[in-house]
Amino acid sequence: MSDTHTTVLEQWLAKEAEVRARMQEPGVIPLEKMKELSGLEFLQCILRGDFPVAHIGKTLDFFPVEGEAGRIVFQGTPGRQHYNPLGSVHGGYFCTLLDSAVGCAVQSMLPKGVGYTTLEIKVNLIRALTDKTGPVRAEGKVIQVGRQVGTAEGRIVDASGKIYAHATTTCLVFPLP
């Protein structure tokens, strides 16, 4: 392991411990509360620990660690519980981690009273994840968000910067009911 890799890994693990310490148990935020906040404000509440994390994040053991307008980062550590019968991490883990990152990147650009849902996601798996990979991050970045459609791109990397997958998404943007 290079010194740079070790330093980044230590930073990632420290950030993980910090985030885990303030995370709430999984839950669902009432629609009326969501309508009061912009997408970025909503995500910042989760990052601060004011709102519960998503159930899927608890199930697959990943969570948001950074976020700003147009960009969000999720971190997780793939383990044997994520394996397929072939002995590597199931493609669904990649897809779910990337869908969360790119979707939330779009959400971070939405005004109060506006929501989104994934219409399409395209994921390219570059190399296998295993229980020996260590923590990985999925960073989602907005390409463009309009009144009805948002697009974003994302990638999964390890602490040394090695890429494992990349994705693009198209999201439907709509007024919350």
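Filter the range 89-132 for residues that are assigned to a loop (DSSP other than H, G, I, E, B) and either more than 17 Å from TYR164 (Cα to Cα) or at pLDDT below 95 (or both) and give the result.
Answer for the range 89-132, where residues must be assigned to a loop (DSSP other than H, G, I, E, B) and either more than 17 Å from TYR164 (Cα to Cα) or at pLDDT below 95 (or both): SER108, MET109, LEU110, PRO111, LYS112, GLY113.
How about the range 66-87: which of its residues are under 12 Å from CYS104 (Cα atoms) and either buried (at least 20 other Cβ atoms within 10 Å of the Cβ) or β-branched (Val, Ile, Thr) (or both)?
Scanning the range 66-87 gives GLY67, ILE72, VAL73, PHE74.
Counting only residues that are out of contact with any Asp or Glu (no Cβ under 8 Å at 6 or more places or on another chain) and of a type in the set (Ser, Thr, Tyr), which one in the range 148-171 is surrounded by the fewest Cβ atoms within 10 Å (Cβ to Cβ)?
The selected residue is SER160.
Scanning the range 115-147 for residues that are among the β-branched types (Val, Ile, Thr) and surrounded by fewer than 19 Cβ atoms within 10 Å (Cβ to Cβ), which turns out nearest to TRP12 (Cα to Cα)?
THR130
Of everything in the range 69-85, what is of a type in the set (S, T, N, Q) and either modelled with pLDDT under 95 or not in a helix (DSSP H, G or I) (or both)? Give them in sequence order.
The answer is GLN75, THR77, ASN84.
Pairs needed: first member in the range 32-59, modelled with pLDDT of 95 or more and crowded, with 19+ Cβ neighbours inside 10 Å; second member anywhere, hydroxyl-bearing (Ser, Thr, Tyr) and not in a helix (DSSP H, G or I); C-beta distance under 8 Å; at least 6 residues apart or different chains.
GLY39/SER108; GLY39/TYR116; LEU40/SER108; LEU43/SER108
Hey, among the residues in the range 31-68 that are in contact with a strand residue (DSSP E or B) (Cβ under 8 Å, 6 or more places away or on another chain) and in a strand (DSSP E or B), which one's nearest to PHE94 (Cα to Cα)?
Step by step, filter the range 31-68, then rank; the result is PHE62.
The values are calculated or read from the model by the stated rules, or taken from the named source; none is laboratory data. Computed from a predicted model, the values in this text were never measured in an experiment. Because the Cβ atoms are built from the backbone with ideal geometry, glycine has one as well, and the counts that use them run over all protein chains shown.
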